[in-house]
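Step one of this worksheet: look at the structure below.
Throughout, read-outs are computed from the coordinates displayed, never taken from laboratory work. Remember, it's a predicted structure, so these values are computed and weren't measured experimentally. Using ideal geometry, Cβ is built from the backbone for each residue, glycine included, and neighbour counts are taken over all protein chains shown.
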Amino acid sequence: MWAGRALLVCLLLAMPAAAQELPPAGPPVLIIDSERLFFETEYGRRIASDLAQKSAELQAENDAIAAELTEEERSLTQRRASMEPDDFRAEATAFDVRVQEVRRDREAKTVELQTEATQARAAFEERVQAIVANIMLERGAAMVLEQRNVVLSVRSANITDDAVRRIDEMLGDGTQ
């Protein structure tokens, strides 16, 4: 019986010391706006800029190819009157085959760019997750929710500004 009381007293005396080691109490649930993290950090802006440039290049290629095909179609249409029907049909079929090949190639390049964008975003989220987790632990929170899923919260629960600053400090534009 004395041993049980002695153990209880030791535990009670040890509690204040353990409590001093805990992170400062903050909201148990924190909030982050992942869209802002992506578009307001140097790293996210660099990814978005790179992808926008690649998208513009792809669009310029598409426009040039479309102009070339339009000219080829116009030429075929103008020559039709002076061509034998079988010759026209053969050229028209060859043109259609070429158009379909170009369309498949362009669609593949678009899918490739979309895949690259998805992978870049996933790599960004993976790298910043540890930074967000550290902020969560420092604030003594149990979880972080996405802003889109929150109906109502106190302002101090949103850590987006702190996360943006810390990501910029730790990762810069993400190239290192």
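Calculate for the chain the 222 nm mean residue ellipticity that helices alone would give, adding -39,500 (n - 2.57) per DSSP H run of length 4 or more and normalising by residue count, nearest 500 deg cm²/dmol. Mind dumping the intermediate values first?
Details: 5 runs with 131 residues, N = 176.
Helix contribution divided over all residues of the chain: -26500 deg cm²/dmol.
Counting Lys +1, Arg +1, Asp -1, Glu -1, what net charge surrounds Ser49 among other residues with beta carbon under 12 Å of its beta carbon? Combined, the nearby Lys, Arg, Asp and Glu give 0. Summing charges over neighbours of Phe95, with a neighbour being any other residue whose Cβ is under 13 Å away from its Cβ, gives -2 when K and R count +1 and D and E count -1. Take every pair of alpha-carbon atoms less than 8 Å apart whose residues are at least six positions apart; their mean separation over the length of segment 24-171 yields a relative contact order of 62 percent.
Would you mind getting me the FRET efficiency between Arg80 and Leu51? Use the beta-carbon distance for r and R0 = 41 Å, nearest 0.05. Using R0 = 41 Å, I get an efficiency of 0.45.
Shown is the FRET efficiency for Glu42 and Val154, computed with R0 = 35 Å from the Cβ-Cβ distance and rounded to the nearest 0.05: 0.75. Comparing Pro27, Thr115, Leu145 along the charge dipole axis of the chain, the residue lying farthest to the positive side is Pro27, per the Cβ-charge model. Panel note: the C-alpha atoms of segment 76-176, placed on their principal axes, show extents of 82, 36, 19 Å (largest first). Span-like helix check, the chain: qualifying full DSSP H segments, with Cα axial length of 27 Å or more and mean Kyte-Doolittle of 0.5 or more, are 2-21. In terms of other Cβ atoms within 10 Å, Val151, Val144 run from fewest to most in the order Val151, Val144.
With a Förster radius of 45 Å applied to the C-beta separation of Met170 and Ala108, the computed FRET efficiency comes to 0.80.
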